[in-house]
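Below: the structure, in structure tokens.
The values are calculated or read from the model by the stated rules, or taken from the named source; none is laboratory data. Remember, it's a predicted structure, so these values are computed and weren't measured experimentally. Neighbour counts are summed over all protein chains in view; Cβ atoms, including those assigned to glycine, are modelled from backbone coordinates with ideal geometry.
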């Protein structure tokens, strides 16, 4: 991405108090707390998949007969999907790609960007990231938003539908009750992931133990179901079903939906807690329940209303199980919601999403955040889907395409990280990626069959978010190129400024002016920010003390305090001072200019007479009056300019309110 002069890099809502290193708390109590929190946030979605995954294979619109071969083949497919997709791909491989604790598809992109900067710093040759890779990351991220809307809708619907088993007269209450539950879920998001995790974690622990016990009790009657561990049964099913096997794969993928949240939510709980929760509780209980459902079908017993999961429970426990399942599915929605928050924060800090208000909900974990706008958009989308589809069976037709698309993109980007960042040899990398891509492509193409039945819904949602990110990325590049094409006052270098300063110094007032610059200014031949050039052109006066302040975003979540600032002094004498400051911030940190200046003065890195509270801070912004040269450019400029006006003000980004001067520059090229 081209650097942009005269604009601020986008970021999040200011956080107050000192910056803390982004690390997961250690110790037994903290570790147990994170593990419980991971159960309540990360594994809600994949943990409630037994409610509808097997059901869709045998009792969905394109269900297959529950013969022994079909049953064993289906549960074999589910077993190996969990083994290859969740355990091998995500737990063993993808979770290794943490960017100093942060996960998600943008963390992969951040690793590549940081590797390039490390090579440049060492004098090596950085390999430019191909455009297709950035576009692929945007597509994968955009599809996650679509998945984040469908997941809460189908999860809560599938559980509330269990009321019809207890009392058939409640049929008309399913949709209103689902909307009411979703409203409550999104309202409590502002409480923060930490509190939600402590609330939801114990419930999910009970849920997993419960589904494991239900499955085990059914397996005891038909232990031969464990033959399905042999992948040959899965192969026979796919071979015998022919083209219809694609529909089966489209239903089997429901057992791994939510897996991307394991990676996206890593910044909330850490890799260790997420991995241990999967290995020691989630995975065993899921396997027991899926095999238990298969054992029930092998017994040839009747499945009331096609609800295979509820058929495992005795009648006396049905009411309690429906209540627990409803609560669990509400929790299931949490994984993608918090994942969407983290995703948006990372995209914003990388300049790929408009600035939004971000609330940090946990001072000890910078990754735990809440975005009111994203929360509202997800809620509105969920309610719209529930009202439109009205049942989990209908909504299942739209489910899966988004998550498989994101999984496919993640595989490609991970392969690039493994090769460029970790230096994996091709003889090891190629076999692993071939195996993973065969699985990913199989699931992706099978879900393409859902397009006419509602699969287009997540694609439409994803397209909207992709368009937002792509236009914002293009707009920032376009502004940078527009400034590069400017001439005259905008081409003033630091050396020219120092020469002009001798004749234009305002010696009557000992004013200190801080000018925000998006490019780091380290050498006399570097250009000064256009906002200062405009100021000099209009007034022909320069302050006695001048500070260039540039915020340098890096590919890491946080920066150590000792590496935060780099100060370059161009002039320091009785006539005044000209200093340049480069402040490095990670993509999970919020700049605070006043606090940074106070710290620099306290540490005697800035020797200016006045206190930082009395320094004038000058920031540049843009106003667009150009129409563009082509229809595509005009459309993009129109959309970008509107997003730029609606985005959070640049003064908020820098931790400033009304104590900064904002210069509006007209863009007309």
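In this structure, is residue 401 in contact with a helix residue (DSSP H, G or I) (Cβ under 8 Å, 6 or more places away or on another chain), within 25 Å of residue 153 (Cα to Cα) and in contact (Cβ under 8 Å) with a residue 24 or more places away in the chain? First the steps, then the outcome.
On the way: in contact with a helix residue (DSSP H, G or I) (Cβ under 8 Å, 6 or more places away or on another chain): yes; within 25 Å of residue 153 (Cα to Cα): yes; in contact (Cβ under 8 Å) with a residue 24 or more places away in the chain: yes.
Judged against the criteria, residue 401 is a match.
Might you check whether a residue that is at negative phi, modelled with pLDDT under 80 and under 20 Å from the mean Cα position of the chain (by Cα) occurs anywhere in segment 137-150?
Yes, because at least one residue in segment 137-150 is at negative phi, modelled with pLDDT under 80 and under 20 Å from the mean Cα position of the chain (by Cα).
Can you pull out the residues in segment 209-236 that are farther than 19 Å from residue 296 by Cα and assigned to a helix (DSSP H, G or I)?
232, 235, 236
What is the number of the single condition among (1) at pLDDT 75 or above; (2) under 37 Å from the mean Cα position of the chain (by Cα) that residue 587 does not meet?
(1)
Of all residues in segment 147-180, which are surrounded by fewer than 17 Cβ atoms within 10 Å (Cβ to Cβ) and not in a helix (DSSP H, G or I)?
Hit for segment 147-180 is 167, nothing else.
So, in segment 616-643, exactly how many residues are at pLDDT 75 or above and touching a strand residue (DSSP E or B) at 6+ places or on another chain (Cβ under 7 Å)? Walk me through it before giving the result.
Pass one, segment 616-643, residues at pLDDT 75 or above: 616-619, 630-643.
Retained after the next criterion (residues that are touching a strand residue (DSSP E or B) at 6+ places or on another chain (Cβ under 7 Å)): 616-619, 637, 641.
So the answer is 6.
Could you list, in sequence order, the residues of segment 387-405 that are part of a helix (DSSP H, G or I) and crowded, with 24+ Cβ neighbours inside 10 Å? Before you say what the answer is, go through the steps one by one.
Here is the first cut: in segment 387-405, the residues part of a helix (DSSP H, G or I) are 387-389, 392-396, 401-405.
Those that are part of a helix (DSSP H, G or I) and crowded, with 24+ Cβ neighbours inside 10 Å: 392, 396, 401, 402, 403, 404, 405.
Can you find even one residue in segment 269-276 that is surrounded by fewer than 17 Cβ atoms within 10 Å (Cβ to Cβ) and within 21 Å of the chain's Cα centre (by Cα)?
Within segment 269-276, one or more residues are surrounded by fewer than 17 Cβ atoms within 10 Å (Cβ to Cβ) and within 21 Å of the chain's Cα centre (by Cα).
Return yes or no: is residue 248 part of a helix (DSSP H, G or I), over 15 Å from residue 44 (Cα atoms), touching a residue at least 12 places away in the same chain (Cβ under 8 Å) and in the same structural domain as residue 76 (by TED's automatic domain parsing)? Don't jump to the end; show me each part of the working.
Numbers: part of a helix (DSSP H, G or I): yes; over 15 Å from residue 44 (Cα atoms): yes; touching a residue at least 12 places away in the same chain (Cβ under 8 Å): yes; in the same structural domain as residue 76 (by TED's automatic domain parsing): yes.
Yes: the conditions hold for residue 248.
Restricting to segment 559-585, name every residue that is outside any strand (DSSP E or B), under 30 Å from residue 107 (Cβ atoms) and touching a strand residue (DSSP E or B) at 6+ places or on another chain (Cβ under 8 Å). Working first, answer last.
Initially, segment 559-585 is screened for residues outside any strand (DSSP E or B), giving 559-564, 574-575.
Next cut, under 30 Å from residue 107 (Cβ atoms) only: 559-564.
Correct list: 559, 563, 564.
Suppose we keep only residues that are part of a helix (DSSP H, G or I) and touching a helix residue (DSSP H, G or I) at 6+ places or on another chain (Cβ under 7 Å) within segment 592-612. Which one would you say is modelled with the lowest pLDDT? Don't jump to the end; show me each part of the working.
The first filter runs over segment 592-612 and keeps only residues part of a helix (DSSP H, G or I), leaving 593-602, 612.
The next check asks that each one be touching a helix residue (DSSP H, G or I) at 6+ places or on another chain (Cβ under 7 Å); those that pass are 594, 597-598, 601, 612.
Numbers: 594: 80, 597: 83, 598: 82, 601: 82, 612: 65.
Restricting to residues being part of a helix (DSSP H, G or I) and touching a helix residue (DSSP H, G or I) at 6+ places or on another chain (Cβ under 7 Å), the top hit is 612.
Of everything in segment 341-373, what is in a helix (DSSP H, G or I) and crowded, with 24+ Cβ neighbours inside 10 Å? Give them in sequence order. Give the derivation first.
Keep residues of segment 341-373 that are in a helix (DSSP H, G or I), which gives 341-349, 372-373.
If the condition is that a residue be in a helix (DSSP H, G or I) and crowded, with 24+ Cβ neighbours inside 10 Å, then 341, 342, 343, 344, 345, 346, 347, 348, 349 are the ones that fit.
Would you call residue 211 out of contact with any strand residue (DSSP E or B) (no Cβ under 8 Å at 6 or more places or on another chain), without any contact (Cβ under 8 Å) to a residue 24 or more places away in the chain and either farther than 21 Å from residue 410 by Cα or not assigned by TED's automatic domain parsing to the domain that holds residue 346 (or both)? Working first, answer last.
Details: out of contact with any strand residue (DSSP E or B) (no Cβ under 8 Å at 6 or more places or on another chain): yes; without any contact (Cβ under 8 Å) to a residue 24 or more places away in the chain: no; either farther than 21 Å from residue 410 by Cα or not assigned by TED's automatic domain parsing to the domain that holds residue 346 (or both): yes.
Against the criterion (out of contact with any strand residue (DSSP E or B) (no Cβ under 8 Å at 6 or more places or on another chain), without any contact (Cβ under 8 Å) to a residue 24 or more places away in the chain and either farther than 21 Å from residue 410 by Cα or not assigned by TED's automatic domain parsing to the domain that holds residue 346 (or both)), residue 211 does not qualify.
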